[in-house]
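Engineer: The structure follows.
The values are calculated or read from the model by the stated rules, or taken from the named source; none is laboratory data. Being a predicted model, the structure only gives us computed values, none of them experimental. All Cβ positions, even for glycine, are placed from backbone atoms using ideal geometry, and neighbour counts span all protein chains on display.
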Amino acid sequence: MDKTKQKHFEKILYEEKSERENSLFDDKLGLHAELREATSELSSYDNHPGDLGTETFEAEKNISLRNNDKYALNEIEAALSRIDKGIYGKCEACGNEIVEERLELIPYTRYCVACEKEKEKAQISYENGRPIEEQALYPPFGRTDTDFSIDNEVMFDGEDAWEAVESFNLIDTPEDDIDDLGYVEEVEKISNQQYKQTLE
């Protein structure tokens, strides 16, 4: 890509960066305000629970928009860095030139159309059939695990909490003796056959 085109895309990136920063630091999203201020109610308890649901949805939407702006700003900074290094406009996966029409639409893109499709296919095949919660919870206890912390902390963490709770679910007796543990009331031990015999 020649210098003139690089300057053109650099200008587009700086404009996009300015828009995203203005959006990110805009107070109209209302994330700084408490729910009572946003709804102009004295209490968060309302006569109609749907009102609180609407406010919660709006807050989540605003957080999502803000996260999208943060992601775009990081990508824009990376694209500006690629311009400085002279590698802007080349696909990071295959090294081919990214078509200018794509760069006009998404000036901070890292991949050409073909590689982007391959990346999406790989992501879909990885997620296929798996619950979406796994994306947030991977690795297990990742957010509460202190085993490999920098300070080498030894504390009661998420994994320890699970092991403590799991211990209450263990039964040392065979399944046949489970009725003798006292968890089932005597009336519930009556089988259907015994009930039919009493009716005859």
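Engineer: With respect to R20, is the statement that it is at pLDDT 90 or above and either part of a helix (DSSP H, G or I) or within 25 Å of the chain's Cα centre (by Cα) (or both) true?
Structural biologist: yes
Engineer: Okay, next question. Of all residues in region 91-108 being touching a Cys at 6+ places or on another chain (Cβ under 9 Å) and of a type outside the set (G, A, S), which is nearest to E21 (Cα to Cα)?
Structural biologist: The first filter runs over region 91-108 and keeps only residues touching a Cys at 6+ places or on another chain (Cβ under 9 Å), leaving 91-94, 96-99, 102.
Then keep just the ones that are of a type outside the set (G, A, S); that gives 91-92, 94, 96-99, 102.
Working: C91: 26, E92: 26, C94: 31, N96: 31, E97: 29, I98: 26, V99: 27, R102: 23 Å.
If we take residues in region 91-108 being touching a Cys at 6+ places or on another chain (Cβ under 9 Å) and of a type outside the set (G, A, S), then R102 is nearest to E21 (Cα to Cα).
Engineer: Please specify each residue of region 70-120 satisfying the condition of being without any contact (Cβ under 8 Å) to a residue 12 or more places away in the chain and aliphatic (A, V, I, L, M).
Structural biologist: Within region 70-120, I87, L105, I106 qualify.
Engineer: Quick one: in region 61-110, of everything that is at positive phi and surrounded by fewer than 14 Cβ atoms within 10 Å (Cβ to Cβ), which residue is nearest to the chain's Cα centre (by Cα)?
Structural biologist: G95
Engineer: Could you please give the count of residues in region 84-105 that are in a helix (DSSP H, G or I) and within 20 Å of C115 (Cβ to Cβ)?
Structural biologist: Count: 7.
Engineer: Right, another one. So which residues in region 144-200 are in a helix (DSSP H, G or I) and at pLDDT below 65, if there are any at all? Break it down into steps so the answer makes sense when it comes.
Structural biologist: Filtering region 144-200 down to residues in a helix (DSSP H, G or I) leaves 158-169, 175-181, 186-189, 192-199.
Within region 144-200, E175, D176, D177, I178, D179, D180, L181 qualify.
Engineer: Continuing with this model, one more query. Name every residue in region 113-143 that is modelled with pLDDT of 80 or more and touching a helix residue (DSSP H, G or I) at 6+ places or on another chain (Cβ under 7 Å), in order of residue number. Can you show your working first?
Structural biologist: Step one: list which residues in region 113-143 are modelled with pLDDT of 80 or more, which gives 113-121.
V113 - this is the single residue of region 113-143 that is modelled with pLDDT of 80 or more and touching a helix residue (DSSP H, G or I) at 6+ places or on another chain (Cβ under 7 Å).
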